[in-house]
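Colleague: Quick one: the structure is below, questions incoming.
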Ligand SMILES: [Zn+2]
C-alpha cells in the first residue's frame with residue numbers, strides 16, 4: 001500500500017518549486033485507514049515517513065507526512081501534506097475506525113467523514129492486493145487542489 005502514499009508524495013514535491021531536485025526515499029508506513037463512504041467513493045489515509053536529502057548535502061533527514069488517496073467513480077485523486085509536530089486536524093472517519101493515532105494536517109484539504117456516522121461496512125486492509133482489486137487499478141488524475 002505504500003506505493004500509493006509515495007505517488008501522493010511525489011506529486012506533492014513536484015508541485016513545490018523549493019522541493020524540486022530533492023532526493024527522497026520511502027522510510028516507513030506508520031498508519032493507514034481505508035474508508036468507504038459509498039461504493040463510488042472511497043478514501044484511504046496514510047501516515048508515513050520519508051527520508052529526504054537536499055541537493056549537495058550528505059545528510060538524510062526523516063519527516064512524517066499525511067497522504068490521502070481518494071477514489072471517486074474509479075478516478076484517483078492524491079493529496080499529501082507534511083505533518084507539523086503537535087498540530088493535528090480531526091478526522092471522524094479514522095476515529096470511527098479506531099485509528100485515532102493516525103495524524104492529519106491541521107491546515108489541509110482532506111476528507112474527514114462525518115461525526116455522526118458509523119460506516120456500515122469497512123475494512124482496514126493490510127494487503128495491497130485486496131485494495132487494488134476493489135479499485136480496479138483505475139487511471140489517476142491530478143489532485144483536486146488548485
Ligand atoms: Zn483520516
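Colleague: Before anything else, pin down the relative contact order of segment 2-132: Cα pairs under 8 Å, at least 6 apart, normalised by residue count, whole percent.
Modeller: Once divided by the residue count of segment 2-132, the mean separation gives 22 percent.
Colleague: For the pair residue 92 and residue 61, how long in nm is the line joining their label points, each one 7 Å along Cα→Cβ?
Modeller: Reported label-point gap for residue 92 and residue 61 is 3.7 nm.
Colleague: Okay, moving on. Report Rg (one decimal) and Dmax (nearest whole number) for segment 29-91, counting Cα atoms only, units Å.
Modeller: Radius of gyration, then largest Cα-Cα span, for segment 29-91: 14.7, 47 Å.
Colleague: Once you have the Kirkwood Rh of segment 1-46 from its Cα pairs, apply Stokes-Einstein at 37 °C and 0.692 mPa s and quote D in µm²/s.
Modeller: It comes out at roughly 267 µm²/s.
Colleague: How large is Rg over Rh for segment 2-132, taking Rg from the Cα atoms and Rh as the Kirkwood inverse mean of 1/r across Cα pairs?
Modeller: Rg/Rh for segment 2-132 comes to 0.98.
Every read-out reported here was derived from the displayed coordinates using simple, explicitly stated rules and does not represent laboratory data. Because the structure is a prediction, the values reported are computed rather than measured. Don't worry about glycine lacking a Cβ; one is built from the backbone with ideal geometry, like all the others, and counts go over all protein chains shown.
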